1. Going by the conditions given, is Ser78 small (Gly, Ala, Ser), within 20 Å of the chain's Cα centre (by Cα) and not in a strand (DSSP E or B)?
2. In the range 36-75, which residues are more than 18 Å from the chain's Cα centre (by Cα), part of a strand (DSSP E or B) and acidic (Asp, Glu)?
3. Taking the stated definitions as given, is Pro94 farther than 18 Å from Ala175 by Cβ and out of contact with any Phe, Trp or Tyr (no Cβ under 8 Å at 6 or more places or on another chain)?
4. Looking at the structure I just gave you, is Leu179 closer than 19 Å to Val72 by Cβ and over 9 Å from the mean Cα position of the chain (by Cα)?
5. State whether one or more residues within the range 169-192 are touching a Pro at 6+ places or on another chain (Cβ under 6 Å), modelled with pLDDT under 95 and of a type in the set (S, T, N, Q).
6. Among the candidates Gln146, Gln121, single out the residue that is surrounded by fewer than 21 Cβ atoms within 10 Å (Cβ to Cβ), under 16 Å from the mean Cα position of the chain (by Cα) and either at pLDDT 90 or above or among the aliphatic types (A, V, I, L, M) (or both).
7. Filter the range 68-88 down to the residues that are surrounded by fewer than 15 Cβ atoms within 10 Å (Cβ to Cβ) and either over 23 Å from Leu179 (Cβ atoms) or modelled with pLDDT under 95 (or both) and list them by number.
Amino acid sequence: MKNSILLFGIFFIYLSCGQDPVPKPQAYLRLEFPEPTYQEFHKNLPFTIEKNKLASHVETKSISGPTESYGVTLQYPSLRGSIYLTYKSIDNNPDNLMAFLRDAQKFTQEHTRKADEIIEQPYENKARKVYGMLYEVGGNAASQSQFYVTDSTNHFLTGSLYFYAKPNYDSIYPAAKYLEKDIKHIMETVSWK
């Protein structure tokens, strides 16, 4: 009996030592987001947009200042992020327009310290009188996307994307790309009242 156990042990050791260990390939997290479904959003504001139904919590507030201003927050709890919109009335004043454009561009340029790149994408829809710019921010910046749209005479709308986490571009990249599509949809569907 001892010999058979010893023989079985040697045979087992012999079979187990045949191959060198091979490291497993690195795994990647697979995130699947629902197909966006859009609905009109207006809430007695001077503009309307179409927002993703995934933005389940929306806050609007009036902002005090020299011109008519509003803040809108589209919260995406499942993605742990928000798109912040700010509307300002230009009041047919070219100085207001120039100041708002400078502020929007300065806000984006403040991210250059942490950003790896900033890609500008101009937007223009002459039929609806919507002109603007989308900024895609790569790297560990606080905001991965910003935009502004205007009709150049009465309305100016800016937006920024933020996540409720320390910026780690690799981790938030899939959600940032998903919400960037929502931002583009907002730009494409904004209409002025």
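1. Details: small (Gly, Ala, Ser): yes; within 20 Å of the chain's Cα centre (by Cα): yes; not in a strand (DSSP E or B): yes.
So Ser78 passes the test.
2. Narrowing the range 36-75 to residues more than 18 Å from the chain's Cα centre (by Cα): 39-48, 60-70.
Subsequent filtering for residues that are part of a strand (DSSP E or B) retains 39-41, 47-48, 60-63, 69-70.
Scanning the range 36-75 gives a single hit, Glu40.
3. On the way: farther than 18 Å from Ala175 by Cβ: yes; out of contact with any Phe, Trp or Tyr (no Cβ under 8 Å at 6 or more places or on another chain): yes.
Yes, satisfied.
4. Values: closer than 19 Å to Val72 by Cβ: yes; over 9 Å from the mean Cα position of the chain (by Cα): no.
So Leu179 fails the test.
5. As a first pass, look at the range 169-192 and keep what is touching a Pro at 6+ places or on another chain (Cβ under 6 Å): none.
So far as the range 169-192 goes, no, none of its residues is touching a Pro at 6+ places or on another chain (Cβ under 6 Å), modelled with pLDDT under 95 and of a type in the set (S, T, N, Q).
6. Details: Gln146 fails: surrounded by fewer than 21 Cβ atoms within 10 Å (Cβ to Cβ).
Among Gln146, Gln121, only Gln121 is surrounded by fewer than 21 Cβ atoms within 10 Å (Cβ to Cβ), under 16 Å from the mean Cα position of the chain (by Cα) and either at pLDDT 90 or above or among the aliphatic types (A, V, I, L, M) (or both).
7. If we filter the range 68-88 for residues that are surrounded by fewer than 15 Cβ atoms within 10 Å (Cβ to Cβ), which is where we start, we get 71, 77-78, 80.
Residues satisfying the conditions are Pro77, Ser78, Arg80.
One line per residue, one yes/no per condition, for (1) within 18 Å of Gln109 (Cα to Cα); (2) in contact with a Cys (Cβ under 7 Å, 6 or more places away or on another chain); (3) among the aromatic types (Phe, Trp, Tyr); (4) free of Cβ contacts under 8 Å to residues at least 60 places away in the same chain:
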{"residue": "Gly132", "(1), (2), (3), (4)": "yes, no, no, yes"}
{"residue": "Val137", "(1), (2), (3), (4)": "yes, no, no, yes"}
{"residue": "Asn140", "(1), (2), (3), (4)": "yes, no, no, yes"}
{"residue": "Ser143", "(1), (2), (3), (4)": "yes, no, no, yes"}
{"residue": "Tyr148", "(1), (2), (3), (4)": "yes, no, yes, yes"}
{"residue": "Asn154", "(1), (2), (3), (4)": "no, no, no, no"}
{"residue": "Thr158", "(1), (2), (3), (4)": "yes, no, no, no"}
{"residue": "Ala165", "(1), (2), (3), (4)": "no, no, no, no"}
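The values are calculated or read from the model by the stated rules, or taken from the named source; none is laboratory data. Since this is a predicted model, take the numbers as computed values, not measurements. We place every Cβ from the backbone using ideal geometry, glycine too, and count neighbours over all the protein chains shown.
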